[in-house]
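Take a look at the structure set out below.
Only the coordinates and a few stated rules stand behind these numbers; no lab work does. Everything numeric in this text was worked out from a predicted model, so none of it was measured. Neighbour counts are summed over all protein chains in view; Cβ atoms, including those assigned to glycine, are modelled from backbone coordinates with ideal geometry.
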Amino acid sequence: MKKILCFVVLLSLFIVGSASAYGIYLNCSPTTIPVGQTIKCSIDSDFPPGTSFNLVFYQKQYTSTQINNQVMTIQPSQQTQYALFDTTGLKGGQYDVEIQWNGAVPAMRSDSVASQIIILTDRSSELTLTSPTTQDLAGALVISGSHKNAGNSGIQIQVDGASSGRVFGPQYVQTVANIQTGDGDFSQTVPVTQPDDYTVKFSDENGLITSVVYHVISPTATATIPTTITPPPITTTPMVTYTPILHPTPTKSPLSVVAVFGALGITMLVLGKIRKE
């Protein structure tokens with residue numbers, strides 16, 4: 001009888017102790033996702049309002065590398081809280097989302113869930129892009145490439161600008177089968193109106209393939225250099241004004257009267273002698 005009484009007392013203490021502990025429940029979905037897709041986590045708890053903890057997302061390989069850390073605080077309503085973790089640019093592999101406490105870990109009910117393993121699958125090798133990831137705004141945004149073994153099945157594209165928001169999709173675009181490889185070639189021009197970083201998500205029937213960021217920059221301004229036409233030099237001969245130098249005219253002296261009469265006299269004598277002969 002005493003043994004039964006002791007057992008009942010111990011069981012009661014255990015039940016009371018369990019009932020007095022708090023519970024916390026972490027749920028992340030999906031637990032296997034392709035790189036680039038967002039991890040969505042919810043937290044339910046009946047811990048007292050004001051209780052805070054860290055929700056940590058980290059890569060778990062040989063060592064743990066923290067990727068993101070969000071502080072969560074229980075509110076008076078104790079309603080479900082949510083946290084999102086972006087996986088764009090991460091490598092495929094195993095990751096963890098875990099609740100970490102500041103200080104000592106409090107007593108929790110045994111059914112509490114404080115961590116979850118996330119597996120990221122890398123499908124980026126299925127996509128080959130042929131359009132440059134840095135483009136000029138004047139040429140809009142051209143997205144082209146090929147999807148491995150996609151044939152004519154199409155590919156879904158969604159484009160979101162960092163500041164301009166959703167500008168395209170999600171929408172399936174045509175892929176044209178490559179006869180030699182079986183890949184699906186595609187090309188889509190997306191009109192954009194401002195320079196921005198545009199995240200392009202590629203998906204198919206199996207989910208997200210990968211995400212790629214395109215950088216659209218302002219049109220390159222061509223500097224116009226004014227052309228200065230320099231006229232050819234004109235060679236001019238300086239005009240020289242010649243001032244004639246007047247030489248004095250020598251003054252002719254008039255023949256003397258005596259000489260004139262002398263000459264006339266000689267002439268008459270000669271003529272008279274000729275007549276006599």
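Remarks
- If R0 is taken as 45 Å, the Cβ-Cβ distance between D111 and T133 corresponds to a FRET efficiency of 0.40.
- Count Lys and Arg as plus one, Asp and Glu as minus one, and take only other residues whose Cβ is under 13 Å from that of S115; the net charge is then -1.
- Principal axis extents of the C-alpha atoms in segment 22-121 (largest first, rounded to whole Å): 38, 25, 22.
- Cβ crowding within 10 Å averaged over residues, with 180-188, 165-173 ranked highest first: 180-188, 165-173
- Taken over the Cα atoms of segment 46-90, the convex hull encloses 83 Å³ per residue.
- Calculated SAXS-style log₁₀ I(q)/I(0) at q = 0.14 Å⁻¹ - segment 111-165, Debye, Cα scatterers: -0.63
- Neighbour net charge for Y214 - beta-carbon separation under 13 angstrom, K R +1, D E -1: -3
- Take each peptide in 75-84, 57-66, count the other Cβ atoms within 10 Å of every residue, and average; sorted highest first, the result is 57-66, 75-84.
- Global form of segment 102-230, assessed from the alpha-carbon gyration tensor, a/c cut-off 1.5: oblate
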